[in-house]
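S.K.: Dropping a structure here in structure tokens format, bear with me for questions.
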Amino acid sequence: MFDGVSFRLPPGGALVLTGTNGSGKSSLLRLVSGLLAPAAGRLLWGATPIAADLPAHHSRVHYVGHLDAVKPVMTPRELLSFWGALRGLDPAASAPALREALAAFALEAVADWPCRWLSAGQRRRVALARLLAAPAPLWLLDEPATALDDESQARLERVIEVHRAAGGRVLLATHAAIALDGAARLALDAFAPHLEPDPAV
Amino acid sequence: MAALLSVFHRDLRLALRQGGDTALVLGFFVLAVVLFPFGVGPEPEILGRIAAGILWVAALLAALLSLDRLYQAEYEDGGLDLIVLSPIPLELAVLAKCAAHWAATGLPLALLSPLLALVVDLDPVAFPTLVVGLLAGTPALSLIGSVAAALTLGARRQGVLLSLLVLPLYVPPLVFGAAAVEASVMGAGARADLYILGALSLAAMAVSPWASAAALRLALE
């Protein structure tokens, strides 16, 4: 899908992946998350390869993909508290973070509604609120602004800003214009391997 | 540990709230058993003779019915990614999901079985054996089913494939489960059969989490 890609993400850094459909943005994010293993090449956290200790890497990473894992019969509050518990947070101790997460994406009003009543944009915000419900230093966001209105996108930008100011890293694939100060850009189209059409076919 | 409990609680909650899952399984169990007196005729001797088999076969089919829900919904909505990406080992997460599946299907099946045993004229002497046998044997059904559900993840017509894979593997619990009930009707001890049922569940518990986790990882690639 791509080869020769190399990048480094310092603390507080942000990298925006761009590229045409199918250029491998989502695959690169899944590689970095550890869900996929690379065919060749290395992924390092500091000096250690991530494959050396995947569970430790998983606890460093938040991955928000195309699918938002929002269950129609559960409420945003239940989902967020489950996602926190899944990452080993004690429900009582994570309650303030949970309130903060709901507030950051303006979900308080719908926090106790079953998610089947929510719109696509609201579900997206529930998925994004996961970023704040449990802390993790590296955020992998795949088209995070899909279905978000302008105001929600501004909220997302603020949340990312606070995360980076605290030394967090963000790797983001997007077509939307998300404003990130000093973010590096990586255009994956430049790394597509040249596939010659087979004349025999 | 708390993370595992949270997976168990959430799956149980999903199964109970979606209604479909537990209610469907129990409804199927009841209807399947109630059909037999109509088909076979109401003679107590005939019904009583085949009651153990009817109850166990109906329980197997009912458990099978809910298996495709075990991972499919989670796979489609991206929830599986999050479980794989959590710090808990996938093998243990599988075990927690199977436990929730059992609590939402096998456990109510076992508790409901004496009522249905009345419908098919099973000798009341065998009721305790029937319940204990189902309690000991149904965990194996959830665990074996988990491997097949993980293997068929994303396949078209998953349900059909799932039944073909799972039903042959359900034969041992069926044989010993029905034999246990049979033995206690005859007045012979059912203990040996019940132990074997428990052993089947324990063996499944030892193998299934690893096999299921491997299949799930494969499905997510």
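S.K.: Just name the residue that is surrounded by the fewest Cβ atoms within 10 Å (Cβ to Cβ) out of those in the range B:2-49 that are in contact with a helix residue (DSSP H, G or I) (Cβ under 9 Å, 6 or more places away or on another chain) and assigned to a loop (DSSP other than H, G, I, E, B).
M.R.: B:Gly41
S.K.: Which of the following residues is in contact with a Pro (Cβ under 8 Å, 6 or more places away or on another chain) and either in contact (Cβ under 8 Å) with a residue 24 or more places away in the chain or among the charged types (D, E, K, R) (or both): A:Leu118, A:Leu171?
M.R.: Numbers: A:Leu171 fails: in contact with a Pro (Cβ under 8 Å, 6 or more places away or on another chain).
Residue meeting the stated conditions: A:Leu118.
S.K.: Hey, could you check the range B:59-85 for residues that are assigned to a loop (DSSP other than H, G, I, E, B) and either at pLDDT 90 or above or more than 12 Å from every other protein chain (Cβ to nearest Cβ) (or both) and say which is surrounded by the fewest Cβ atoms within 10 Å (Cβ to Cβ)?
M.R.: Residues of the range B:59-85 that are assigned to a loop (DSSP other than H, G, I, E, B), as a first pass: B:66, B:70-71, B:77-78, B:85.
Restricting the remaining residues to those that are either at pLDDT 90 or above or more than 12 Å from every other protein chain (Cβ to nearest Cβ) (or both) gives B:66, B:70-71.
Values: B:Ser66: 22, B:Leu70: 27, B:Tyr71: 26.
The selected residue is B:Ser66.
S.K.: Next up: From the list A:Arg87, A:Arg60, exactly one residue is under 15 Å from B:Val84 (Cβ atoms) and out of contact with any helix residue (DSSP H, G or I) (no Cβ under 8 Å at 6 or more places or on another chain). Which is it?
M.R.: Values: A:Arg87 fails: out of contact with any helix residue (DSSP H, G or I) (no Cβ under 8 Å at 6 or more places or on another chain).
Of the residues listed, the single one that is under 15 Å from B:Val84 (Cβ atoms) and out of contact with any helix residue (DSSP H, G or I) (no Cβ under 8 Å at 6 or more places or on another chain) is A:Arg60.
S.K.: I would also like to ask the following. Residues of the range A:64-97 being over 18 Å from A:Arg124 (Cβ atoms), charged (D, E, K, R) and either surrounded by 15 or more Cβ atoms within 10 Å (Cβ to Cβ) or within 17 Å of the chain's Cα centre (by Cα) (or both), which ones?
M.R.: A:Arg87, the sole residue that qualifies.
S.K.: Across the range A:2-38, what is the number of residues that are closer than 21 Å to A:Gly182 by Cβ and free of Cβ contacts under 8 Å to residues at least 12 places away in the same chain?
M.R.: Adding up the residues that qualify gives 2.
S.K.: Still on this structure, please answer the following. Are any residues in the range A:155-165 of a type in the set (D, E, K, R) and exposed (fewer than 14 other Cβ atoms within 10 Å of the Cβ), and if so, which ones? Break it down stepwise before answering.
M.R.: The initial filter retains those residues of the range A:155-165 that are of a type in the set (D, E, K, R), namely A:155, A:157-158, A:161, A:164.
Passing the criteria: only A:Arg158.
S.K.: Still on this structure, I have one more. State yes or no: is A:Val162 out of contact with any Leu (no Cβ under 6 Å at 6 or more places or on another chain) and in a strand (DSSP E or B)?
M.R.: Values: out of contact with any Leu (no Cβ under 6 Å at 6 or more places or on another chain): yes; in a strand (DSSP E or B): no.
So A:Val162 does not fit the description; no.
S.K.: If you don't mind, another one. Only one of (1) over 28 Å from A:Gly34 (Cα atoms); (2) in contact with a Leu (Cβ under 7 Å, 6 or more places away or on another chain) is not met by A:Glu151, so which one is it?
M.R.: Only one criterion is unmet by A:Glu151, namely (2).
S.K.: When you scan the range B:131-154, do you find a residue that is among the hydroxyl-bearing types (Ser, Thr, Tyr) and over 19 Å from B:Ala63 (Cα atoms), even just one? Spell out the reasoning first.
M.R.: As a first pass, look at the range B:131-154 and keep what is among the hydroxyl-bearing types (Ser, Thr, Tyr): B:138, B:142, B:146, B:152.
Narrowing further to those that are over 19 Å from B:Ala63 (Cα atoms): none.
No, the conditions are met nowhere in the range B:131-154.
S.K.: Continuing with this model, one more query. Answer yes or no as to whether A:Ser152 is more than 14 Å from chain B (Cβ to nearest Cβ) and crowded, with 18+ Cβ neighbours inside 10 Å. Explain how you work it out, then say what you get.
M.R.: On the way: more than 14 Å from chain B (Cβ to nearest Cβ): yes; crowded, with 18+ Cβ neighbours inside 10 Å: yes.
Taking the combined requirement at face value, the residue satisfies it.
S.K.: Every residue in the range B:95-129 that is closer than 30 Å to A:Leu89 by Cβ and away from every other protein chain (no Cβ under 14 Å), please. First the steps, then the outcome.
M.R.: In the first step, residues of the range B:95-129 are kept if they are closer than 30 Å to A:Leu89 by Cβ; the result is B:95-105, B:107.
Residues satisfying the conditions are B:Leu95, B:Cys98, B:Ala99, B:His101, B:Trp102, B:Ala103, B:Thr105, B:Leu107.
S.K.: Can you name the number of the only condition in (1) surrounded by fewer than 18 Cβ atoms within 10 Å (Cβ to Cβ); (2) free of Cβ contacts under 8 Å to residues at least 24 places away in the same chain that A:Glu100 fails?
M.R.: For A:Glu100, the exception is condition (2).
S.K.: Within the range A:179-186, is there a residue that is of a type outside the set (S, T, N, Q) and under 19 Å from A:Val70 (Cα atoms)?
M.R.: no
S.K.: Applying the selection to the range B:84-111, what residues are within 19 Å of B:Asp21 (Cα to Cα) and touching a Phe, Trp or Tyr at 6+ places or on another chain (Cβ under 7 Å)?
M.R.: Taking the range B:84-111 and keeping what is within 19 Å of B:Asp21 (Cα to Cα), we get B:94-111.
Scanning the range B:84-111 gives B:Ala96, B:Ala99, B:Ala100, B:Leu109.
S.K.: Same structure again: Among helices (runs of 4 or more DSSP H) lying entirely in the range A:1-114, which contain 2 or more residues that are more than 14 Å from chain B (Cβ to nearest Cβ) and modelled with pLDDT of 85 or more? So that I can check it myself, show each step before the final result.
M.R.: Working: elements: A:25-33, A:54-60, A:76-86, A:95-104.
Fully inside the range A:1-114 and qualifying: A:25-33, A:95-104.
S.K.: Examine the range B:30-44 for a residue that is of a type outside the set (A, V, I, L, M, F, W, C) and on the phi > 0 side of the Ramachandran plot, and state whether such a residue exists. Even if it seems obvious, please write down each step before you answer.
M.R.: From the range B:30-44, those of a type outside the set (A, V, I, L, M, F, W, C) are B:37, B:39, B:41-44; that's our starting set.
If we keep only those that are on the phi > 0 side of the Ramachandran plot too, we end up with B:41.
For the range B:30-44, residues of a type outside the set (A, V, I, L, M, F, W, C) and on the phi > 0 side of the Ramachandran plot: present.
S.K.: Right, next: Can you tell me which residue in the range A:115-134 is surrounded by the fewest Cβ atoms within 10 Å (Cβ to Cβ), limited to those that are of a type in the set (Gly, Ala, Ser) and assigned to a helix (DSSP H, G or I)? Walk me through it before giving the result.
M.R.: First, pick out the residues of the range A:115-134 that are of a type in the set (Gly, Ala, Ser): A:119-121, A:127, A:129, A:133-134.
Going one step further and asking which of them are assigned to a helix (DSSP H, G or I), we end up with A:120-121, A:127, A:129, A:133.
Details: A:Ala120: 12, A:Gly121: 14, A:Ala127: 25, A:Ala129: 26, A:Ala133: 27.
Filtering the range A:115-134 for residues that are of a type in the set (Gly, Ala, Ser) and assigned to a helix (DSSP H, G or I), the one surrounded by the fewest Cβ atoms within 10 Å (Cβ to Cβ) comes out as A:Ala120.
The values are calculated or read from the model by the stated rules, or taken from the named source; none is laboratory data. Note that this is a predicted model, so its numbers are computed, not measured. Ideal geometry is used to build each Cβ from the backbone, glycine not excepted, and the neighbour counts take in all protein chains shown.
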